[in-house]
Structures are given as structure tokens and as C-alpha cells.
Amino acid sequence: MTTILRHALWRVLPDPARRPPARYVQCRECEEKSPVTPVQAESDLWAMTHSGRTQHTLYREFAATDLITKRVRGGSS
Ligand SMILES: [Zn+2]
């Protein structure tokens with residue numbers, strides 16, 4: 001996404017020092033959540049283990065990406 005703000009052109013980018021996104025899975029049939037992890041296989045394993053224990057089968061995945069802004073050109077803000 002780009003936008004002009006105070007005569008400067010900025011870009012919003014994923015923070016290269018913080019990849020990959022942090023994620024967790026939440027069961028939609030109860031309130032339980034997986035631990036936060038950058039590794040999708042770990043949240044998938046949590047969901048499969050939760051299903052085996054509870055018979056719950058509906059989940060929602062949340063992922064958060066840290067972002068940075070970077071001035072492209074111009075402006076003195
Ligand atoms: Zn559940």
C-alpha cells in the first residue's frame with residue numbers, strides 16, 4: 001500500500017527482521033487457542049491434537065505480520 005502523506009511518499013512493508021508472521025489457531029467451538037508460533041506446522045499439529053481430544057473440527061487461524069514504513073522520496077515532514 002502506498003499513500004502520499006505530508007508531501008512524502010511512504011510505503012508499508014513487512015519488517016524484514018521479523019519474518020515470518022506470528023500465527024495461532026483458535027477453536028471455533030470453544031475458547032482454546034494454540035500457542036503463538038511462526039511455524040504453521042506447529043499450529044496445525046495443535047488443531048489436530050485438539051480435535052483428537054475434543055472432537056471439535058472448526059478452527060480460525062490468526063496471523064500477524066510486523067510492518068515497517070519506508071520513505072520512498074521527497075518531503076521534509
Ligand atoms: Zn475446541
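Taking every alpha-carbon pair within the chain, the share separated by more than 19 Å comes to 53 percent. Kirkwood radius for the stretch 21-61, taken over all pairs of different Cα atoms as the inverse mean of 1/r, rounds to 9.9 Å.
Every number in this text was worked out from the coordinates using simple rules, so none of it is lab data. Computed from a prediction, not measured in an experiment: that's the story for all the values here.
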